[in-house]
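Comments concern the structure below.
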Amino acid sequence: MQIQHVFPFWKAVEALTPQKIDKDNPDDKLTPAYKIEFGGVMPWDNAKHVRKPVSYGKVWRYTLQSGIYDLTSLSTLLEDKIGAHSEVFDDGRKGSVWISKIIVL
């Protein structure tokens, strides 16, 4: 495999192994989750989040989920292009999923 094809290949593999996005829940005391819109404030810059107490010796760890897409749309596109698989009966292809995750300490 040539180096210029590595990232597109990895992206395709990740797109076909979807992971559910974390549900927006900014008020959770231990594991808050924030949906950040384009141009929105990141949690570490959010005064309400920064005021949350952190136990001694602990720090906040942030997980950024990106490449969010609708799984139903991708499934429909794939079926239109290559056809439905005759042995797949599960229609659990709903909701938003992510392609990549970055952890920030």
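The values are calculated or read from the model by the stated rules, or taken from the named source; none is laboratory data. Since this is a predicted model, take the numbers as computed values, not measurements. All Cβ positions, glycine included, derive from the backbone under ideal geometry; neighbour counts span all protein chains shown.
Take Ile99 and decide whether it is within 15 Å of the chain's Cα centre (by Cα), exposed (fewer than 12 other Cβ atoms within 10 Å of the Cβ), touching a residue at least 40 places away in the same chain (Cβ under 8 Å) and within 19 Å of Asp22 (Cα to Cα). It is false that Ile99 is within 15 Å of the chain's Cα centre (by Cα), exposed (fewer than 12 other Cβ atoms within 10 Å of the Cβ), touching a residue at least 40 places away in the same chain (Cβ under 8 Å) and within 19 Å of Asp22 (Cα to Cα).
Of the residues Asp45, Asp24, which single one is at pLDDT 85 or above, surrounded by 10 or more Cβ atoms within 10 Å (Cβ to Cβ) and among the charged types (D, E, K, R)? I'd like the intermediate steps shown before the answer.
Details: Asp45 fails: surrounded by 10 or more Cβ atoms within 10 Å (Cβ to Cβ).
Exactly one of Asp45, Asp24 is at pLDDT 85 or above, surrounded by 10 or more Cβ atoms within 10 Å (Cβ to Cβ) and among the charged types (D, E, K, R), namely Asp24.
Contact map, region 53-79: first residue within 18 Å of Pro32 (Cβ to Cβ), second residue modelled with pLDDT of 90 or more and assigned to a helix (DSSP H, G or I), Cβ cut-off under 7 Å, separation 6 or more or different chains; pairs are Tyr62/Pro43; Tyr62/Trp44.
If we scan region 51-64, do we find a residue that is part of a strand (DSSP E or B) and among the hydrophobic types (A, V, I, L, M, F, W, C)? Spell out how you get there, then give the answer.
Step one: list which residues in region 51-64 are part of a strand (DSSP E or B), which gives 62-64.
From what is left, the residues that are among the hydrophobic types (A, V, I, L, M, F, W, C) are 64.
Yes, the conditions are met somewhere in region 51-64.
List, please: which pairs have Cβ atoms under 7 Å, are six or more places apart or on different chains, and start with a residue in region 9-31 that is in contact (Cβ under 8 Å) with a residue 40 or more places away in the chain and end with one that is part of a loop (DSSP other than H, G, I, E, B) and small (Gly, Ala, Ser)? Final answer for the pair search is Lys20/Gly95.
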